[in-house]
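Everything below concerns the one structure shown next.
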Amino acid sequence: MENASRDIKHMRTEQILNWPDGSSVASSILLSMLPCHFLISPSEPVSRKQTCYPKDAMSLAAKTCWLLLCLTLLLRPQGAVMGEHVITQVPSLVHRTEGQSVTLNCTVRNTSAGATRWSRDTGRGRQPFFNTGGGASDPRVAFILENHLTDKSIRIDNLTLGDSGVYYCDKYRPGPSSEIAIPGPGVTLTVTGAVLGEDLITQVPSLVTGTEGQSVTLNCTVRDTRAGATRWSRDTGRGRQPFFNTGGGASDPRVAFILENHLADKSIRIDNLTLGDSGVYYCDKYRPGPSSEIAIPGPGMNLTVAAQPDASPSVQAAVRLAVFVLVTLAVLVLCISLYRARGTLPGGRTREGEEKVTEERDTVF
């Protein structure tokens with residue numbers, strides 16, 4: 001029995017193992033695509049019955065199966081393809097703020113005849129929005145690349161809250177037909193209101209310290225580039241008052257923009273600071289025209305101006321030491337001058353007495 005099993009292990013056979021009961025003809029056809037050669041494992045029971053389908057018949061069945069599969073792929077209707085396989089809209093989620101611009105991407109890999117049109121659903125059903133033939137009623141909308149075969153991305157300027165919705169880039173059948181051949185997967189656009197000024201206007205840092213007589217820079221970046229002036233105001237404890245604006249006219253010659261006529265950078269510089277300049281400074285975006293209504297308020301920044309400090313402690317100590325040394329030297333010089341003027345030596349002795357004592361010593365010796 002062992003010799004028979006070893007011979008079967010190394011023997012090529014033209015057999016396919018029987019399938020379990022209930023197997024289908026399709027399974028047999030799929031098996032026929034594979035070579036009818038298997039190495040039987042030694043663990044297989046030798047007593048298992050084995051059969052093999054006729055080689056020629058199974059080859060004919062395999063060819064027939066492949067032919068039917070190819071015909072199915074070639075003759076399938078174009079509209080049966082899922083839109084996301086031919087049309088891509090990436091990313092699928094886009095978020096913007098009211099007043100900004102947005103680009104909705106769309107790539108169409110199918111270049112056959114037929115228009116590519118945009119539609120959107122803002123909560124009232126799917127409605128036409130923009131198409132390759134132009135005719136868009138909204139001047140805010142335009143193609144990123146005009147007349148491009150595959151890139152059908154669009155740009156929407158000056159967004160409003162009503163622009164929120166799902167936008168579809170669809171491929172239509174040729175001719176005047178309104179039937180969609182390949183639907184796009186859609187992209188969801190969410191537009192939020194510019195309620196807080198710090199969403200579009202940044203003033204960093206929020207705390208600034210300056211010194212009396214020096215200069216300071218107050219930063220302001222405005223991301224909203226729509227029409228409308230950017231003006232500075234400040235509150236020094238008596239309410240918010242106008243301070244400086246993009247049209248010039250500042251009453252204080254110490255104030256100037258860091259970058260003149262820049263669209264986004266509205267930072268200013270204040271020279272020769274005074275203690276009265278301390279306060280909260282606001283960089284605000286106003287509505288277009290002569291209106292004095294603030295469209296986007298800035299978050300504000302607090303400026304604190306400190307008084308000009310006195311000399312440092314180390315300098316003061318050095319000055320005190322120098323004065324002490326000078327006074328001491330002056331006292332010593334004065335004492336020596338007095339001693340010499342009176343002819344008196346230390347200890348109350350006079351110069352004449354000292355000379356007399358010296359003469360007596362010389363006589364004794």
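The values are calculated or read from the model by the stated rules, or taken from the named source; none is laboratory data. Bear in mind that the values here come from a model prediction, so they are computed numbers and not experimental data. Glycine also receives a Cβ, built like all others from the backbone with ideal geometry; neighbour counts cover every protein chain displayed. In case anyone asks, the SASA skips ligands and DNA or RNA and just uses the protein heavy atoms, side chains included. Shrake-Rupley method; radii C 1.70, N 1.55, O 1.52, S 1.80 Å.
Would you point out the residue of the range 234-251, among those that are within 16 Å of residue 281 (Cβ to Cβ) and loosely packed, with under 12 Cβ neighbours inside 10 Å, that is modelled with the highest pLDDT?
241
Pairing residues of the range 178-192 that are within 22 Å of residue 101 (Cα to Cα) with residues that are of a type in the set (A, V, I, L, M) and assigned to a loop (DSSP other than H, G, I, E, B), at Cβ distances under 7 Å and at least 6 apart in sequence or on separate chains, gives 191/159. Screening the candidates 149, 159 for the property of being within 20 Å of residue 192 (Cα to Cα), in contact (Cβ under 8 Å) with a residue 24 or more places away in the chain and assigned to a loop (DSSP other than H, G, I, E, B) yields one hit, 159.
Report whether or not residue 231 is surrounded by fewer than 18 Cβ atoms within 10 Å (Cβ to Cβ) and either outside any loop (DSSP other than H, G, I, E, B) or on the phi < 0 side of the Ramachandran plot (or both). No, not satisfied.
No other residue among 154, 87 is at pLDDT 90 or above, under 28 Å from residue 264 (Cβ atoms), surrounded by 12 or more Cβ atoms within 10 Å (Cβ to Cβ) and aliphatic (A, V, I, L, M) apart from 154. The residues listed here are 222, 216; of these, the one that is open to solvent by less than 50 Å² (accessible area, probe 1.4 Å) and under 30 Å from residue 153 (Cα atoms) is 222. Reported count of residues in the range 255-292, each being over 19 Å from residue 304 (Cα atoms) and of a type in the set (Phe, Trp, Tyr), is 2.
Scanning the range 87-102 for residues that are aliphatic (A, V, I, L, M), farther than 14 Å from residue 165 by Cα and in a strand (DSSP E or B) gives a single hit, 87.
Among the residues of the range 197-244, those that are of a type in the set (Ser, Thr, Tyr) and in contact with a Phe, Trp or Tyr (Cβ under 8 Å, 6 or more places away or on another chain) comprise 230, 233. Cβ-Cβ below 9 Å, separation at least six or inter-chain, first residue in the range 273-284 and over 12 Å from residue 301 (Cβ atoms) and open to solvent by less than 50 Å² (accessible area, probe 1.4 Å), second of a type in the set (Gly, Ala, Ser) and assigned to a helix (DSSP H, G or I): which pairs? Close Cβ pairs satisfying both conditions: 284/197.
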